[in-house]
Structure formats: structure tokens, C-alpha cells
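Asker: Sharing a structure, written as C-alpha cells. Questions coming.
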Amino acid sequence: MITIARRTLLKHLGLAGLSASAAAAFPSLSLAAAPTERRFVVVLLRGAMDGLSAVPPHGDPSYAKARGPIAIGSPGSGEGAALKLDGLFALHPRLKAMKALYDADEAAVVHAVASPYRDRSHFDGQDVVENGGAAPKQQTDGWLNRALKGYGRKDANRALAVSQAMPLILTGSEQVSSWTPPRLPTADEDYFTRVRRMYQGDGELGQVLEDALATRAMAQGAMQEDSGRMARPGAYGGGQLSVLTRPAGALLRADQGARFAVLDPGGWDTHANQGAAQGTLAQRLGDLDDGLAALKDALGPVWADTVVVVVTEFGRTVAVNGSNGTDHGTASAAFVLGGAVRGGQVVADWPGLAPGQQFQGRDLNPTFDMRALFKTALVGHMGLEEGFVDREVLKGGPKVAAIGELLRS
């Protein structure tokens, strides 16, 4: 039952933030015409986000007692209270932008969700989420890279990893690109003029240079705009994620820019001092909230054609541990947001938090397959053929159905 209640030449040029997959040493960065204006973004919260704090089930009679000192106050209970979604679910008080998106029907929550993985190793859990199968090492490439085989556009810049290293989810035979903010001193224009002269007789590398410089300029422009915003009080809170999401949004927004993107911020392992309305997790959630708000702002009008899926490798224990934190668990919560999302709803087959309802007597019981979210975006939003997704993308595990009610018609 479903209850509805919402990633060398470039390095030495100071362009280390731009790279391409190992499929080619110098892949062309020229941008072909995109077959669709739709965008799909995956945000993988590495470290295991506590879904019971991010989306507390305040209406579950076992919630407050089971969570003890890390329980989030019920909606309306005063300072630090959760932000009500419906009679059962709420949002952590730091997720104010998410709540605004939910109220605008542009964000949905999927709860008690997990990959097919049932052990509690971060590395293996992330591997399963990224390989798209049912077990660690079942696939050596990533499901999103495999999905690109069914997408009409073939240039490397159709898919972007905003990451220091290419994540498994985008690793494979299909060319993709990556970007991170440059850490080397920025070279002046005279330097680039001299480099252009050096390569002007080389048709291949010369074009790579020009295209890379164009993409660099676009990303730097977005970062400069972000710096201006951050100088204003209350603008995205100055979190680390928004420093990545604004340039990523600019690269996605470009007429011939990326149509797929992956961000994988870490820091979600809260074994100690997790906190409730305040504390380590609250800071992480506030940064996520700021980053997602910045992404929407950077996308501008193309937000209307965007789906963002926010997932984590597994959840955390229901009970608090002796260090005022939580240990590795099983199910968690996921967010689906964007202008193409039919928001304002929570999709869950809620298992309950009473001791007899917990998975192995300790975790939120998983009742929803995370891969259904990926299939929904790939088929229902990006237009990939369903049989192809079943056979080639989300392979190696039980077949999942797309969630029709998550997308606008």
C-alpha cells in the first residue's frame, strides 16, 4: 500500500575543475544539440543520512520514545519544532527551503526507502546505489552511465559529475565530464592568449582548449554571482554545497549544457553528537537546504523541466547510541524535487517504529525500493525506453515499477 500525504592540459591551464571520463585522454568538450530540454540531477548524500530526523514521523505513536533525546519536536511544539507536512510526517526545522518547495508542489518525500542492500557497510552500500543492482560489485559500471547509451546525445558534456573524482554512478564506457571549483591560482588573460597561439595550429587540442575555456568562464561567472549573493545576509547560509550547486546549475542551464548531473556531498555519518533541532545533523541539513535552494535559483527557468533525486546509501538506527548519535541502519528518506515533480506529497508504505515493526529489531524497515525513483526519472522524465532501463540500466536486481504519481503529466 502506498500512502500519499512529497568530475595533462587542463590542469596546467588552471582548468583542473574540468575533466572527462577515462574513455578519452582529451575528449571533445564541444556541445551537441540536446534531444530534450529536461534535466535530471542525482544528489548522493554519502555517509548515511538519518531519515527519521530529516523527515520525522511525528504522528507515529512510537517515534518520540524510540528516538529519545534526538527526537525532533512535533509541529507547533515551540522552538526547534518540525515543519508539518501532514498528520504523520514533518520536515526537520532546518529544511525551510524544502518546506517552501513542498508547499509549492515542487518537492515530494519518499520514506522508508532503501536500495536492495541489507548490510551496513558505507562502501558497499554506496556501491549498490551507484551500480544499480542488488549487491556490491555486481556491476563494474554505474547505472547512470549505462543509461546514457539510450540517450540521443553522445558528447561528453551531456552528463556532469560535480565531484573531485568520477563517482561510480557515472563511470563506464560512455563519455561524461566532471567539474569542481578550481583550487589553483587563476591565470590572467595574457597567459591564455599565449596558450591559444601555441595551439592554434592544432585542430583537435585547439578546439578542446577553446571549449574548455568557454565552460570555465561559464562556471566562474556563476561562482562570482554566488559570491555576491553570499555577501548578503541570509543568502543560502554560506554552506559548502551551494558553492557547488550554483556553478552546476549554470552548466545545466546552458542551452547546450549538461542534461544529467551528479553531486555527492559527504559528511552524513553521525555516530556521535548527532543532535536534534541543533547539532551536527542539523548543520548538514541546513547546508543541503541552502544548496538545493541555490541550485533552483541557478537553474532559473529550466527548473520547470528538472527532476532532482536526493538519496543516501542507507539510514540509521532508530535508537540513539551511547555517544548521542546513531549507528548504521537500513531504510531512510529520499527527496524528489523540481518543477517537473508533482510535489506536496509523501509517498510511503509506513512500517511503524514499534519494536516489533523494526527491521532486525533496530532499524526503520525498508518498504520502498530506491531504484524505483531512478526509473521514474529516467523513463517518465528523461524519456528513456522502459524495457531498455529494465534490461541495461537497473539490472541485476528485482524489477521495479516507476512511480507515476511523482511526475507532472
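Asker: Would you mind finding the one in 346, 302, 310 that is closer than 24 Å to residue 177 by Cα and part of a strand (DSSP E or B)?
Answerer: Numbers: 346 fails: closer than 24 Å to residue 177 by Cα; 302 fails: part of a strand (DSSP E or B).
The unique qualifying residue is 310.
Asker: Does the range 253-269 contain at least one residue that is more than 20 Å from residue 179 (Cβ to Cβ) and not in a loop (DSSP other than H, G, I, E, B)?
Answerer: Checking the range 253-269: not a single residue is more than 20 Å from residue 179 (Cβ to Cβ) and not in a loop (DSSP other than H, G, I, E, B).
So that you can scan it fast, the table gives a plain yes or no per residue for (1) within 13 Å of the chain's Cα centre (by Cα); (2) within 18 Å of residue 352 (Cα to Cα); (3) surrounded by fewer than 24 Cβ atoms within 10 Å (Cβ to Cβ):
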residue	(1), (2), (3)
300	no, no, yes
305	no, no, yes
309	yes, no, yes
316	no, yes, no
319	no, yes, yes
332	no, yes, no
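Asker: Residue 335 - would you say it is within 25 Å of residue 62 (Cα to Cα), outside any loop (DSSP other than H, G, I, E, B) and out of contact with any Asp or Glu (no Cβ under 7 Å at 6 or more places or on another chain)? Spell out how you get there, then give the answer.
Answerer: Working: within 25 Å of residue 62 (Cα to Cα): yes; outside any loop (DSSP other than H, G, I, E, B): yes; out of contact with any Asp or Glu (no Cβ under 7 Å at 6 or more places or on another chain): yes.
Against the criterion (within 25 Å of residue 62 (Cα to Cα), outside any loop (DSSP other than H, G, I, E, B) and out of contact with any Asp or Glu (no Cβ under 7 Å at 6 or more places or on another chain)), residue 335 qualifies.
Asker: Please determine, by comparing only the residues of the range 99-123 that are among the acidic types (Asp, Glu) and over 18 Å from residue 317 (Cα atoms), which one is farthest from the chain's Cα centre (by Cα). Working first, answer last.
Answerer: As a first pass, look at the range 99-123 and keep what is among the acidic types (Asp, Glu): 103, 105-106, 119.
Within this subset, residues satisfying the condition of being over 18 Å from residue 317 (Cα atoms) are 103, 105-106.
Values: 103: 21, 105: 19, 106: 16 Å.
The extreme case among them is 103.
Asker: Next question. Tell me yes or no: at least one residue of the range 354-367 is among the small types (Gly, Ala, Ser), touching a Ser or Thr at 6+ places or on another chain (Cβ under 9 Å) and crowded, with 19+ Cβ neighbours inside 10 Å. Show your work before the answer.
Answerer: Here is the first cut: in the range 354-367, the ones among the small types (Gly, Ala, Ser) are 354, 356, 361.
Now drop any that are not touching a Ser or Thr at 6+ places or on another chain (Cβ under 9 Å), which leaves 354.
Next, from what is left, pick out any that are crowded, with 19+ Cβ neighbours inside 10 Å: none.
No, the range 354-367 has no match at all.
Asker: Hey, another quick one. Check off (1) touching a helix residue (DSSP H, G or I) at 6+ places or on another chain (Cβ under 7 Å); (2) modelled with pLDDT of 95 or more for residue 280 and give me the number that stays unchecked.
Answerer: Among (1) touching a helix residue (DSSP H, G or I) at 6+ places or on another chain (Cβ under 7 Å); (2) modelled with pLDDT of 95 or more, the lone unmet condition for residue 280 is (1).
Asker: Tally time: how many residues in the range 61-98 are under 21 Å from the mean Cα position of the chain (by Cα) and either among the acidic types (Asp, Glu) or closer than 30 Å to residue 143 by Cα (or both)? Explain how you work it out, then say what you get.
Answerer: The initial filter retains those residues of the range 61-98 that are under 21 Å from the mean Cα position of the chain (by Cα), namely 90-98.
Those left that are additionally either among the acidic types (Asp, Glu) or closer than 30 Å to residue 143 by Cα (or both): 91, 95, 97-98.
Qualifying residue count for the region: 4.
Asker: I need a count of the residues in the range 218-277 that are buried (at least 18 other Cβ atoms within 10 Å of the Cβ), modelled with pLDDT under 55 and under 30 Å from residue 53 (Cβ atoms).
Answerer: Residues in the range 218-277 being buried (at least 18 other Cβ atoms within 10 Å of the Cβ), modelled with pLDDT under 55 and under 30 Å from residue 53 (Cβ atoms): 4 in total.
Asker: Is at least one residue of the range 136-158 of a type in the set (S, T, N, Q), under 21 Å from residue 49 (Cβ atoms) and either at pLDDT below 95 or surrounded by 20 or more Cβ atoms within 10 Å (Cβ to Cβ) (or both)? Before you say what the answer is, go through the steps one by one.
Answerer: Applying the first criterion (of a type in the set (S, T, N, Q)) to the range 136-158 yields 138-140, 145, 157.
Okay, now just the ones that are also under 21 Å from residue 49 (Cβ atoms), so none.
No; the residues of the range 136-158 include none that is of a type in the set (S, T, N, Q), under 21 Å from residue 49 (Cβ atoms) and either at pLDDT below 95 or surrounded by 20 or more Cβ atoms within 10 Å (Cβ to Cβ) (or both).
Asker: Is it the case that residue 91 is within 30 Å of residue 389 (Cα to Cα), buried (at least 24 other Cβ atoms within 10 Å of the Cβ) and not small (Gly, Ala, Ser)?
Answerer: Working: within 30 Å of residue 389 (Cα to Cα): no; buried (at least 24 other Cβ atoms within 10 Å of the Cβ): yes; not small (Gly, Ala, Ser): yes.
Criteria not met by residue 91.
Asker: Right, something else. Suppose we filter the range 62-99 for residues that are in contact with a strand residue (DSSP E or B) (Cβ under 9 Å, 6 or more places away or on another chain) and polar (S, T, N, Q); how many remain?
Answerer: Residues flagged as in contact with a strand residue (DSSP E or B) (Cβ under 9 Å, 6 or more places away or on another chain) and polar (S, T, N, Q) within the range 62-99 amount to 1.
Residue-wise test of (1) small (Gly, Ala, Ser); (2) crowded, with 22+ Cβ neighbours inside 10 Å; (3) closer than 30 Å to residue 409 by Cα.
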| position | (1), (2), (3) |
| --- | --- |
| 56 | no, yes, yes |
| 72 | no, yes, no |
| 98 | no, yes, yes |
| 115 | yes, yes, yes |
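Asker: Okay, next question. What's the number of the only condition in (1) at pLDDT 95 or above; (2) in contact with a Gly (Cβ under 6 Å, 6 or more places away or on another chain) that residue 396 fails to meet?
Answerer: If we test residue 396 against (1) at pLDDT 95 or above; (2) in contact with a Gly (Cβ under 6 Å, 6 or more places away or on another chain), just (1) comes out false.
Asker: State whether one or more residues within the range 394-405 are in a helix (DSSP H, G or I) and closer than 23 Å to residue 146 by Cα. Give the steps one after another, and end with the answer.
Answerer: Filtering the range 394-405 for residues in a helix (DSSP H, G or I) gives 404-405.
Imposing the further condition that a residue be closer than 23 Å to residue 146 by Cα reduces the set to 404.
Yes, the range 394-405 contains at least one residue that is in a helix (DSSP H, G or I) and closer than 23 Å to residue 146 by Cα.
The values are calculated or read from the model by the stated rules, or taken from the named source; none is laboratory data. These numbers come from a predicted model, not from an experiment. Positions of Cβ are generated from backbone atoms using ideal geometry, with glycine treated the same way; all protein chains shown enter the neighbour counts.
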